[in-house]
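Worksheet for the structure shown next.
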Amino acid sequence: MERRTQMALLHRLFELIDSGGTQLNDACWQQSTEAYISAARLAWEREYLFSRYPLLVTHGSHVAAPGDYVTDDLGFVPLLLTRDGEGRLHAFANLCRHRGARLASGCGRDARAFVCPFHGWCYDLGGHLRNLVPRDGFAGLHRYGYGLVRLPVVERHGLVWVLPKAGAHIDETRLFADLDAELAAYGFSGFSHFETKVLHARTNWKLVIDGFLESWHFNVLHRQSIAPIFLSGVGLADRFGPHVRVVYPRRSVLQLRAQPESEWDLLKHSVVLYVLFPNTLVNWQGDHLEIWRVFPNKNGAPGECVAEASLYTPEPARTDSAREHWRRNMELLIRTVVEEDLAVAEDMQRGYEARVQTTMTFGRHEPALAFYHAQLGDESFTQKAESDRVDWSGRMRTPTS
Ligand code: FES
Ligand SMILES: [Fe+2]
């Protein structure tokens, strides 16, 4: 984040702190609980959100060198990312063109080719079919027409996005939506992977993201864990196209008051959380980066999801004490989310499924929740001008039902 943005945010934070309040939305937001329990809504999300928006897949460090590859199965399209010998990054559907077997698994380095585990068709790192066997069996079929299905991919700020729709195009201007310079300033491309955890929860995927979008609950739900670190209930929320940025100050931000403004540093004294639409959280955690990717469970149940949390550090953890430091960070994060946030979210999901209370309320002091759900296509979204509803490939958005 650029310095002038940090200063502007710090001034806004101190104004809120001095007034004893937090940023307020214009009005309360009534949210239908149907959005969390409806199979039709999930089908729409799959068709629209998870097929027509670029989805953040990974950090670039996993596919940095020629021969690196990553597979990803959290979304509805199985993905294969490769870095070829010329350093070009490719994204493919991870499916063999013969009969659709899964081509590659896991991730790796120094790959030269991918051999299908079913009958042995072989593809290079650029997705070209190199060996079509047995030759007699496929007489008349030319291997040039049987490369892997290519998907649009963008690598920027150390992060990799894939649009899981063959033949579509990623509009980068729209994707980064005025956050380009701000994300660039973090230097995430030089960060190192420390650890990734995958969590399965019996809750709609949106409830995982909702849990990050207000800090009012810190002093209650998290009173034994992270509450002592933060100024609970104080936060800023701003929209950037479809994305939302949220800032939660740590208590240590108050120390800045005794320092000249030239020494103020927002990033040391706060969490800056970017909800990168539709399903990713990129969280600056004061001294490291945390990425959350959240997906519906592919079995079609609206009340189940999978969330992947990854921790990246500015420097590689080379010593035992560094590893222990980051291990404790990761452990606190996962324990807080699993034992506190997800435990409540799973109860909420069961409550919504009981269908006795069909709406809930986001207060004026929870603006990020309203911003996110407005973008997600709930009630107010359908009232927006049709011209406002253009998807990433330039087509008109499907109205929500
Ligand atoms: S499915 Fe891949 S070679 Fe047959
Ligand atoms: Fe929380």
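Somewhere in the range 112-131, is a residue loosely packed, with under 13 Cβ neighbours inside 10 Å and touching a residue at least 40 places away in the same chain (Cβ under 8 Å)?
Within the range 112-131, one or more residues are loosely packed, with under 13 Cβ neighbours inside 10 Å and touching a residue at least 40 places away in the same chain (Cβ under 8 Å).
Testing Arg364 on (1) of a type in the set (Lys, Arg); (2) open to solvent by less than 20 Å² (accessible area, probe 1.4 Å); (3) more than 19 Å from Val272 (Cα to Cα), one condition comes back false. Which one is that?
Checking Arg364 against (1) of a type in the set (Lys, Arg); (2) open to solvent by less than 20 Å² (accessible area, probe 1.4 Å); (3) more than 19 Å from Val272 (Cα to Cα), the one that fails is (2).
Quick one: count up the residues across the range 104-129 that are within 10 Å of ligand 1 (Cβ to nearest atom) and in contact with a Pro (Cβ under 8 Å, 6 or more places away or on another chain).
Qualifying residue count for the region: 0.
Among the residues of the range 264-280, is there at least one that is open to solvent by 50 Å² or more (accessible area, probe 1.4 Å) and in contact with a strand residue (DSSP E or B) (Cβ under 9 Å, 6 or more places away or on another chain)?
yes
Can you pull out every residue in the range 37-96 that is β-branched (Val, Ile, Thr) and farther than 23 Å from Thr203 by Cα?
Matches in the range 37-96: Thr58, Val63, Val70, Thr71, Thr82.
List pairs: first residue in the range 334-348 and in the same structural domain as Asn283 (by TED's automatic domain parsing) and closer than 12 Å to Phe212 by Cα, second residue outside any helix (DSSP H, G or I) and more than 12 Å from ligand 2 (Cβ to nearest atom) anywhere in the structure, Cβ distance under 6 angstrom, at least six positions apart or on different chains.
As it stands, the answer is Leu342/Ala201; Ala345/Thr203, since those pairs meet every condition given.
Does Val63 satisfy being surrounded by 19 or more Cβ atoms within 10 Å (Cβ to Cβ) and under 21 Å from Phe176 (Cβ atoms)?
Considered against the rule, which asks whether it is surrounded by 19 or more Cβ atoms within 10 Å (Cβ to Cβ) and under 21 Å from Phe176 (Cβ atoms), Val63 comes out as yes.
For a quick check of your reading: which helices (runs of 4 or more DSSP H) sit entirely within the range 296-401 and have at least 1 residues that are at pLDDT below 90 and under 30 Å from Leu151 (Cα atoms)? Walk me through it before giving the result.
Numbers: elements: 320-336, 343-353, 367-376, 379-382.
Ranges flagged: 367-376, 379-382.
Would you check which residues across the range 191-236 are in a helix (DSSP H, G or I) and open to solvent by less than 50 Å² (accessible area, probe 1.4 Å) and list them?
Trp205, Lys206, Leu207, Val208, Ile209, Asp210, Phe218, Ala227
Let me confirm something: among Val160, Val153, Val149, which residue is within 19 Å of Ser51 (Cα to Cα), surrounded by 13 or more Cβ atoms within 10 Å (Cβ to Cβ) and touching a helix residue (DSSP H, G or I) at 6+ places or on another chain (Cβ under 7 Å)?
Numbers: Val153 fails: touching a helix residue (DSSP H, G or I) at 6+ places or on another chain (Cβ under 7 Å); Val149 fails: touching a helix residue (DSSP H, G or I) at 6+ places or on another chain (Cβ under 7 Å).
When all the criteria are applied, what remains is Val160.
Would the range 155-167 turn up any residue that is at pLDDT 90 or above and either of a type in the set (Lys, Arg) or within 16 Å of ligand 2 (Cβ to nearest atom) (or both)?
Taking every residue of the range 155-167 in turn, at least one turns out to be at pLDDT 90 or above and either of a type in the set (Lys, Arg) or within 16 Å of ligand 2 (Cβ to nearest atom) (or both).
Could you tell me whether any residue of the range 87-100 is surrounded by fewer than 12 Cβ atoms within 10 Å (Cβ to Cβ), more than 28 Å from Arg46 (Cα to Cα) and either in contact (Cβ under 8 Å) with a residue 24 or more places away in the chain or more than 16 Å from ligand 1 (Cβ to nearest atom) (or both)?
Yes, that holds for at least one residue.
Let's see how each residue does on (1) closer than 20 Å to Leu74 by Cα; (2) within 12 Å of ligand 2 (Cβ to nearest atom); (3) more than 22 Å from the chain's Cα centre (by Cα):
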position	(1), (2), (3)
Val198	yes, no, no
Ala201	yes, no, no
Lys206	yes, no, no
Ile209	yes, yes, no
Asn219	no, yes, yes
Leu231	no, no, yes
Gly235	no, no, no
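Can you tell me which residue within the range 5-52, out of those that are in contact with a Leu (Cβ under 7 Å, 6 or more places away or on another chain) and open to solvent by less than 30 Å² (accessible area, probe 1.4 Å), is modelled with the lowest pLDDT?
So the residue we want is Thr22.
I'd like the residue in the range 172-185 that is at pLDDT 90 or above and open to solvent by 20 Å² or more (accessible area, probe 1.4 Å) and, out of all such residues, is farthest from Leu55 (Cα to Cα). I'd like the intermediate steps shown before the answer.
First, the residues of the range 172-185 that are at pLDDT 90 or above: 179-185.
When the remaining residues are screened for being open to solvent by 20 Å² or more (accessible area, probe 1.4 Å), the result is 180-181, 184-185.
Numbers: Asp180: 16, Ala181: 20, Ala184: 18, Ala185: 21 Å.
The residue in question is Ala185.
Condition test on Arg239, is it at pLDDT 90 or above, part of a loop (DSSP other than H, G, I, E, B), open to solvent by 70 Å² or more (accessible area, probe 1.4 Å) and under 26 Å from Leu342 (Cα atoms)?
Criteria not met by Arg239.
The values are calculated or read from the model by the stated rules, or taken from the named source; none is laboratory data. Everything numeric in this text was worked out from a predicted model, so none of it was measured. No Cβ is skipped: glycine too gets one built from the backbone with ideal geometry, and neighbour counts run over all protein chains shown. Heavy atoms of the whole protein, side chains included, go into the accessibility calculation; ligands, DNA and RNA do not. Shrake-Rupley method; radii C 1.70, N 1.55, O 1.52, S 1.80 Å.
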